[in-house]
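Below: the structure, in structure tokens.
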Amino acid sequence: MSAVDWRRVVATYLEEHPQARVGELSRALGCTEAQALSGLSERVWDLRGVELATLLAEIAAWGKVLVLVRNADAVAEVEVSADAGSLKGEWLNWIEQGYNLHIYLAATQRVLGLVRPGKHGLTYSFNLVNSAGQVFCRFYARTPEAKESFLSFCLAHTPELDERYG
């Protein structure tokens, strides 16, 4: 099977459907959410070889992190103290006043580092991808320092992928 230029495919679809979101893109294009999201991104790193504990230590240094957890029918976004997360077996937990957040890390098949356009400029995020190619959790760097740290981390751990991410 030949490599697909997801940036080109996604851009072509968006010309006709400019409001399309990741779920619609993946259904319409017959690809995974991870492939659609990579097609929306300016920079992509596949961090599947990086230990999750190493990744979480990077996130903990950011100060604040926006965590987005989603499934096909719902999205939850919460900004948390990055260093308040704790590993308990296969779960990552943030338990603070006003919210509890539990993420099943064992579902993670790969992690993508993405830089992509957002409403207020570029976003920098680690994205947890399950075996079906669904992006079920995202961790967004919020400050300029965290974004710079994100880039340094990605560049130090794996080469950047081109537009044919699969």
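Read-outs: derived from the displayed coordinates by stated rules, not from any lab. Not measured: the values here are computed from a predicted model. We place every Cβ from the backbone using ideal geometry, glycine too, and count neighbours over all the protein chains shown.
As an exercise, use a Förster radius of 30 Å and the Cβ-Cβ distance of Leu68 and Glu15 to find the FRET efficiency, rounded to the nearest 0.05.
0.65
What value, in deg cm²/dmol to 500, does the helix sum -39500 (n - 2.57) over DSSP H runs of n ≥ 4 give at 222 nm once divided by the residues of the chain?
-9000 deg cm²/dmol
Kindly put Leu161, Leu25 in sequence by how many other C-beta atoms sit within 10 Å of each C-beta, fewest to most.
Leu161, Leu25
Return the lysines within reach of Lys119: Cα separation strictly under 30 angstrom, same-chain partners fewer than 8 residues apart disregarded; answer none if there are no such residues.
The qualifying lysines are Lys64, Lys147.
Just Leu40, Leu112, Leu122 to compare: in a GNM of the chain, with alpha carbon springs under 10 Å, which one fluctuates most?
Leu122
Given the options Val9, Gln97, Pro144, identify the residue whose Cα lies farthest towards the positive end of the charge dipole of the chain (+1 on Cβ of Lys, Arg; -1 on Cβ of Asp, Glu).
It is Val9, whose Cα lies furthest towards the positive end.
Give me the one-decimal nm value for the distance between modelled label points at Ala61 and Lys119, 7 Å along each residue's Cα-to-Cβ direction.
Distance between label points: 3.0 nm.
Order of Phe150, Phe139 from fewest to most other C-beta atoms within 10 Å?
Least crowded to most crowded, the residues run Phe150, Phe139.
With a cut-off of 8 Å between alpha carbons and a minimum separation of six or more residues, what is the relative contact order of the chain in percent?
RCO, the chain: 29 percent.
State whether region 40-166 is rounded, prolate or oblate according to the following rule on the C-alpha gyration tensor (a ≥ b ≥ c being the square roots of its eigenvalues): a/c under 1.5 gives rounded; otherwise a/b larger than b/c gives prolate, and the remaining case gives oblate.
The shape class here is rounded.
Using packing as a proxy for protection, rank 50-59, 81-90 so that the peptide with the highest average count of other Cβ atoms within 10 Å comes first.
Packing order, densest peptide first, comes out as 50-59, 81-90.
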